[in-house]
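Read through the structure below, which is laid out as structure tokens, and then see the notes.
The values are calculated or read from the model by the stated rules, or taken from the named source; none is laboratory data. In this text, all values refer to a predicted model and were calculated from it rather than measured experimentally. Ideal geometry is used to build each Cβ from the backbone, glycine not excepted, and the neighbour counts take in all protein chains shown.
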Ligand code: CP
Ligand code: NVA
């Protein structure tokens with residue numbers, strides 16, 4: 001297990017009450033949360049349990065399917081001494097037209113924190129605006145910040161550093177994972193290259209803001225349609241599904257558009273020899289990644305999935321329970 005990431009660590013609070021995007025956090029806040037996650041992982045691996053969220057309740061609204069996010073948040077709350085309530089939008093009045101504003105106001109009267117997985121990013125912004133308790137983004141069409149905290153933790157564990165590495169994302173540049181990875185890389189001084197077909201480029205506002213963060217470190221953000229060019233000398237290779245949740249009708253067209261964007265042994269020849277492969281999962285073997293890569297020696301996808309638990313416990317602890325690093 002890695003020791004903490006060296007930086008000027010003060011006991012700090014996250015400035016924002018909510019956790020909606022990586023871009024809203026400072027570099028120091030990200031490193032602080034990662035160090036919290038490393039500590040919490042050590043505590044859990046040593047068999048000790050926590051009580052920092054004793055008696056606290058997290059409400060979790062899901063408007064889309066989930067395995068990892070649901071289970072890791074629920075287990076994380078339990079391990080910190082609290083409790084989580086799963087709320088499928090199909091089963092609550094939100095699914096029958098109750099407004100997001102009223103839902104946020106009502107649920108904040110019962111629980112100490114809310115996590116929501118939804119469609120348009122504006123929905124979670126409205127939800128947070130009307131919630132009196134912290135709101136955590138469990139995925140929107142635009143962002144998947146809790147996943148990227150787990151990804152940074154995984155990279156740090158395997159590479160021993162974050163700054164100066166090169167990450168290459170191949171696939172849908174305009175999806176939630178790519179956006180949050182661009183923001184995350186820029187915040188920690190990691191170079192990122194994105195290989196995506198024309199027409200699937202990442203959101204320009206996100207890229208332009210991330211470029212300001214990257215400039216502080218002297219790191220780069222490259223976007224190009226040529227996967228070989230983008231892959232050269234990558235330390236970290238990442239992909240995601242070609243059609244995200246809500247884009248099922250585009251599946252056929254996307255399989256055609258992304259044909260040349262599979263992560264496989266041929267493409268990975270251009271990466272550094274000791275590259276690691278990340279995928280937030282669920283994966284489609286034979287589409288965005290070959291079985292040889294995702295099930296091969298470079299893949300760290302199950303460490304990455306486990307780290308959802310540890311990274312999110314840090315977020316829960318800091319947002320809902322205070323900022324001290326020790327139990
Ligand atoms: N990676 C991820 O968010 O997985 P789930 O959709 O299963 O939650
Ligand atoms: N981009 C994917 C991520 C799933 C965790 C989606 O939104 O479906």
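The set of residues from the stretch 42-73 being under 28 Å from residue 245 (Cβ atoms) and assigned to a helix (DSSP H, G or I) comprises 68, 69, 70, 71, 72, 73. Exactly one residue out of 245, 230 is touching a residue at least 24 places away in the same chain (Cβ under 8 Å), farther than 25 Å from residue 159 by Cα and not in a strand (DSSP E or B): that is 245. Residue-level analysis places residue 212 outside the set of residues that are in contact with a strand residue (DSSP E or B) (Cβ under 7 Å, 6 or more places away or on another chain), modelled with pLDDT of 95 or more and not in a loop (DSSP other than H, G, I, E, B).
Note on the stretch 77-106: residues that are in contact with a strand residue (DSSP E or B) (Cβ under 8 Å, 6 or more places away or on another chain) and either within 24 Å of residue 151 (Cβ to Cβ) or within 16 Å of ligand 1 (Cβ to nearest atom) (or both) amount to 7. A count restricted to the stretch 248-270 and to residues that are in contact (Cβ under 8 Å) with a residue 24 or more places away in the chain and either within 15 Å of ligand 2 (Cβ to nearest atom) or surrounded by 13 or more Cβ atoms within 10 Å (Cβ to Cβ) (or both) stands at 12. If you go through the stretch 271-283 and keep only what is crowded, with 16+ Cβ neighbours inside 10 Å and within 15 Å of ligand 2 (Cβ to nearest atom), you end up with 278, 279, 280, 281, 283.
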